[in-house]
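The values are calculated or read from the model by the stated rules, or taken from the named source; none is laboratory data. Every value quoted in this text rests on a predicted model; they were computed, and no experiment measured them. In this analysis, Cβ positions are derived from the backbone assuming ideal geometry, glycine residues included, and neighbour counts consider all displayed protein chains. Note: accessible area is taken over every heavy atom of the protein model, side chains too, but ligands, DNA and RNA are not part of it. Shrake-Rupley method; radii C 1.70, N 1.55, O 1.52, S 1.80 Å.
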Amino acid sequence: MIEASKDSVLSIKKISALDQGPYSLEVASGDCIVITGESGVGKSVFLRMIADLIPNEGQVFLDDKERNFFPAPEWRKRVTYIAAESGWWAQTVKEHFANLDLVRYWLPKFNLKETLLDADILQLSTGEKQRMALLRAISAKVRFLLLDEITSALDPKTVLVVEKCVQELQQQNIGILLVSHNMEQVQRLATRHYQLTADQLVLCE
Ligand SMILES: Nc1ncnc2c1ncn2[C@@H]1O[C@H](COP(=O)(O)OP(=O)(O)OP(=O)(O)O)[C@@H](O)[C@H]1O
C-alpha cells in the first residue's frame, strides 16, 4: 500500500559531526538495524546527522542519489527521523495527515480506531501518539525510518504493539534504523545490531 515499495539502499559514508564519527553503514529495504550504546555517546546525533538535521561531514546516498541532490524537506520525506517525543502542531489528529485514505488503510494494522482521527491531540495516550507519529511518517515517498527510542516511555504491552507496527513497516519494504536501550527489543527486532562508540559502529554478533 506504500507506493511501489521498491528495494532501496541507504548508504552512509564516513559521516561525522560534533567530534563523533566517522561512521559508515548500509541499510537495505526491510532491514531493522538496531543501534545501542551508552547514554550520551551520540546515538541521537548519529540519526540526526543522517536526516541532515544537524550540520555534518561525509556523504549519504539513497540508491544512486547523493543526499545533496534532494532539497532538505524532500530528503526528510524519504529518510524520516522520529524522536521519542513526537511533535504535533494542529489541534486534531487528522489535520496532520495529507492522505487520509492511506491512513485509514493503516489504522487497523496499527491497532488504532478510526474515530481517533477526529480526536484532539491532547487526548491521545503516549502509545497512540507514537503509533500516529509512525503513521504520519508513512507517505508515498518514505523509504527509511530513523526511530529514536520510540518505545522508551511505553508500558511493556504497548511496546509490543508498537514493535508489531515496526515489523509491519519492514514487511512493506521500509528500512528501519532504530536506537534502543532495551536488549529484549534488540533480540526481537534486529536484523543486525551495532554498538555505537564515539568513533565507530561495532557489529554485535
Ligand atoms: N545540536 C547539538 N549541538 C551540540 N551538542 C549536541 C547537540 N545535540 C546533542 N549534543 C551533545 O552530543 C552528545 C550526544 O548526545 P545524544 O543525544 O546523541 O546521546 P545519546 O547517545 O542519544 O544519549 P541517550 O541514550 O541518553 O539518549 C551529548 O553530549 C549532547 O549534549
Looking only at residues that are farther than 18 Å from Lys77 by Cα and charged (D, E, K, R) in the stretch 121-178, which one is least open to solvent (accessible area, probe 1.4 Å)? Glu163
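Okay, residues lined up against (1) in contact with a His (Cβ under 6 Å, 6 or more places away or on another chain); (2) in a loop (DSSP other than H, G, I, E, B); (3) open to solvent by less than 20 Å² (accessible area, probe 1.4 Å); (4) modelled with pLDDT of 95 or more:
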residue: Ser5; (1), (2), (3), (4): no, yes, no, no
residue: Ile12; (1), (2), (3), (4): no, no, yes, yes
residue: Leu25; (1), (2), (3), (4): no, no, yes, yes
residue: Val34; (1), (2), (3), (4): yes, no, yes, yes
residue: Leu47; (1), (2), (3), (4): no, no, yes, yes
residue: Pro55; (1), (2), (3), (4): no, yes, no, no
residue: Glu95; (1), (2), (3), (4): no, no, no, no
residue: Ala98; (1), (2), (3), (4): no, yes, no, no
residue: Val103; (1), (2), (3), (4): no, no, yes, no
Taking first residues from the stretch 155-183 that are closer than 24 Å to Ser139 by Cβ and second residues anywhere that are at pLDDT 90 or above and basic (Lys, Arg), the pairs with Cβ under 7 Å that are 6 or more apart or on different chains are Glu163/Arg188; Ile174/Arg143; Gly175/Arg143; Val179/Lys43
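Which of the residues belonging to the stretch 179-189 are in a loop (DSSP other than H, G, I, E, B) and surrounded by fewer than 20 Cβ atoms within 10 Å (Cβ to Cβ)?
His181, Asn182
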Could you say whether any residue in the stretch 179-196 is in contact with a helix residue (DSSP H, G or I) (Cβ under 9 Å, 6 or more places away or on another chain), within 24 Å of Lys13 (Cα to Cα) and of a type in the set (A, V, I, L, M)? yes
Give the stretch 92-110 a look and list any residue that's under 21 Å from Asp120 (Cβ atoms) and of a type in the set (Lys, Arg), or say none. Lys94, Arg104
Kindly provide the set of residues from the stretch 40-72 that are away from the ligand (no atom under 12 Å from the Cβ), under 26 Å from Val162 (Cβ atoms) and out of contact with any strand residue (DSSP E or B) (no Cβ under 7 Å at 6 or more places or on another chain), ordered by number. Asp52
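Yes/no per residue for (1) among the aromatic types (Phe, Trp, Tyr); (2) within 27 Å of Ser39 (Cβ to Cβ):
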{"site": "Phe69", "(1), (2)": "yes, no"}
{"site": "Thr80", "(1), (2)": "no, yes"}
{"site": "Ala90", "(1), (2)": "no, no"}
{"site": "Leu102", "(1), (2)": "no, no"}
{"site": "Leu117", "(1), (2)": "no, no"}
{"site": "Ser125", "(1), (2)": "no, yes"}
{"site": "Arg143", "(1), (2)": "no, no"}
{"site": "Leu147", "(1), (2)": "no, yes"}
{"site": "Val162", "(1), (2)": "no, yes"}
Asp19 meets each of (1) over 20 Å from Ala190 (Cα atoms); (2) without any contact (Cβ under 8 Å) to a residue 40 or more places away in the chain with one exception, condition (2)
Being closer than 18 Å to Glu168 by Cβ and of a type outside the set (D, E, K, R) is the filter here, so list the residues in the stretch 28-49 that pass it. Ala28, Ser29, Gly30, Cys32, Ile33, Val34
Restricting to the stretch 78-93, count the residues that are in contact with a Ser or Thr (Cβ under 6 Å, 6 or more places away or on another chain) and open to solvent by 50 Å² or more (accessible area, probe 1.4 Å). 0
Test result for Val27, in contact (Cβ under 8 Å) with a residue 24 or more places away in the chain and either more than 12 Å from the ligand (Cβ to nearest atom) or among the acidic types (Asp, Glu) (or both): yes
